[in-house]
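Read the structure below first, then the notes.
The values are calculated or read from the model by the stated rules, or taken from the named source; none is laboratory data. Predicted, not measured: the structure shown is a model, and the values here were computed from it. Counting neighbours? That spans all protein chains shown, and the Cβs are built from the backbone with ideal geometry, glycine included. All accessible areas refer to the heavy atoms of the entire protein, side chains included, with ligands and DNA or RNA removed. Shrake-Rupley method; radii C 1.70, N 1.55, O 1.52, S 1.80 Å.
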Amino acid sequence: MRIFVSWPGFDRDGATTGRCLVDAGHELVLAPKLGVRTPDELTHLAAGCAAAIVSTDPFTADVLRALPDLRIIARVGVGFDSIDRAMADELGIAISITPGMNAETVADHTLALILSAVRKIPQQDNSVKAGRWERVGQLTPGELPGKTVGLVGAGTIGRAVARRLAGFGVTVCFFDAQVDALAGAEKVASLEELLSRSDIVSLHVPLIAETNQLIDDAAIVRMKPTAILVNTSRGPVVDQKALFEALREGRLGGACLDVFETEPPGADTLRDVPNLVCAAHMGGISHESIARMTGSATQSVLDVLAGRMPDTVVNRDSLRGSQ
């Protein structure tokens, strides 16, 4: 069978990835997603494929209907908001993810972003490379001890971030309607309370209807004017326009974005936005996590095409291979 692969870190010769699929008699269709990809482009690239190992490709309802051979979409990562779940269910197309494979990686990245913003590392880097030596003044950094860090979401990643913060002398609070307790952290009654109390707000929620633009202008108004917002979840969780306006107007201390409403974001979008640290949606990416995630996604494809039902499938009742 033909296997469409858009994940750019996929190793076509890897023992647990490409070689597994070829040895099982499948044909690889490699088309790494390196930028914006339209639904029409995706439909053309994945035509005739029974499985897909993918990045954030736009599997809209129209795309899914146009790919009648497709039996599984194996998402490398845990977010599958770029896939129309309802249509996949209707058509019996399995959606798999790679749960737990990069949680520690995202937590590392979150802490790195927090420290870079507090210590003004990007600004210092630019200053020194420009021939300046600004140890005090506008580039004087802050420190973490004594600060309050608010975690919005206390799932696997949120818990991993809390563990890393334990040694920094901070107060950790969290808001998550599904979690009653988190070691070393205080649960607050509402998102509004967390926003008003926190010096640093870090987002660890999936993109669903309830979290779309969760951090909008009204939420930003509730935050301290010196606070730092960190988003390693999904871009649309934050109203990007409202955030950038707050940064330009000095109503917020800073922001760290690993994810954006449109990826990649246009350079013009980011121009003249102060105190903004950016990364290319790579919070969950490392050499180690790529190997784990692509190996897991490959095994999910092999299982479904062989008629097995892996635990990684999020819509197991619609799995064609089990019918």
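Note on region 255-323: with neighbouring protein chains present and a 1.4 Å probe, carbon and sulfur make up 50 percent of its accessible heavy-atom surface.
All other residues with a Cβ under 15 Å from the Cβ of GLN178 taken together, and with Lys, Arg as +1 and Asp, Glu as -1, what is their net charge? Don't jump to the answer; show the numbers that get you there.
Details: positive: ARG159, LYS187; negative: ASP176, ASP180, GLU210.
Residues near GLN178 contribute -1 overall.
Report the paramagnetic label zone for VAL36: residues of region 267-296 whose backbone N is under 18 Å from a point 7 Å from Cα along the Cα-to-Cβ axis. Under 18 Å, as judged by backbone N against the label point of VAL36, lie 267-271, 280-281 of region 267-296.
Students often check this: by mean Cβ neighbours within 10 Å, which of 111-120, 60-69, 139-148 ranks highest, and how do the rest follow?
On the way: 111-120: 19.9, 60-69: 15.9, 139-148: 13.9.
Top to bottom by mean Cβ count within 10 Å: 111-120, 60-69, 139-148.
Size descriptors for region 178-323, from the alpha-carbon set: Rg then Dmax equal 19.1, 58 Å.
Principal-axis analysis of the Cα atoms of the chain puts helix 287-305 at an angle of about 30° to the longest axis. Taking amide H as placed 1.01 Å from N in the peptide plane, PHE260 has its amide H under 5 Å from the amide H of GLY235, each at least 5 places away in sequence or on another chain. Close amide H contacts of GLY48 (hydrogens built in the peptide plane, cut-off under 5 Å, sequence separation of 5 or more or a different chain): ASP69. Phi angles of region 242-251 translate, via the Karplus equation with coefficients 6.51, -1.76, 1.60 and θ = phi - 60°, into HN-Hα couplings of 5, 5, 5, 5, 5, 5, 5, 8, x, 8 Hz per residue; Gly and Pro are given as x.
Suppose a student asked you for the relative contact order of region 145-262, using Cα pairs under 8 Å spaced at least 6 residues apart; what percent would you report?
On the way: 229 pairs, mean separation 27.2, N = 118.
RCO, region 145-262: 23 percent.
Relative to the longest principal axis of the Cα atoms of the chain, the long axis of helix 156-165 makes an angle of roughly 30 degrees. Per residue, the accessible area of the chain comes to 46 Å², computed with a 1.4 Å probe over protein heavy atoms only. Under the criterion of Cα pairs below 8 Å and six or more residues apart, the relative contact order for region 216-278 equals 38 percent. The listed peptides 298-307, 20-29, ordered by packing as a protection proxy, come out as 298-307, 20-29 (highest mean of other Cβ atoms within 10 Å first). Here the label points at ILE208 and VAL136, each 7 Å from Cα along the C-beta direction, are separated by 5.1 nm in the simple model. Here, the chain yields an orientationally averaged convex hull projection of 17.6 nm² when only Cα atoms define the hull. Phi angles of region 18-31 translate, via the Karplus equation with coefficients 6.51, -1.76, 1.60 and θ = phi - 60°, into HN-Hα couplings of x, 5, 4, 5, 5, 4, 7, x, 8, 10, 8, 10, 8, 8 Hz per residue; Gly and Pro are given as x. Rg and Dmax over the alpha-carbon atoms of region 1-160 stand at 21.4, 64 Å.
Note on the chain: dipole from Cβ charges, positive end direction compared against ALA112, LEU34, ASN315; the farthest Cα belongs to ALA112.
For the chain, the relative contact order comes to 19 percent (Cα pairs under 8 Å, sequence separation of at least 6). A simple spin-label model places the labels of ARG316 and THR171 4.3 nm from each other, with each point 7 Å out along Cα-to-Cβ. Projecting the Cα positions of VAL201, LEU139, CYS173 onto the charge dipole of the chain (unit charges on Cβ atoms of Lys, Arg, Asp and Glu, taken about the Cα centre) puts LEU139 furthest along the positive direction. As I understand it, the value is the acute angle between the Cα axis of helix 103-118 and the longest principal axis of the Cα atoms of the chain; what does it come to in degrees, rounded to 10? Roughly 30 degrees, rounded to the nearest 10. Excluding same-chain neighbours fewer than eight residues apart, the lysines reachable from LYS224 by a Cα-Cα span under 17 Å are LYS147.
Each label point was placed 7 Å from the Cα along the Cα-to-Cβ direction; for ALA189 and LEU270 their separation is 4.1 nm.
Computed 3J(HN,Hα) for region 264-270, one whole-Hz value per residue from the Karplus formula 6.51 cos²θ - 1.76 cosθ + 1.60 where θ = phi - 60°, is x, x, x, 4, 4, 4, 9, glycine and proline marked x.
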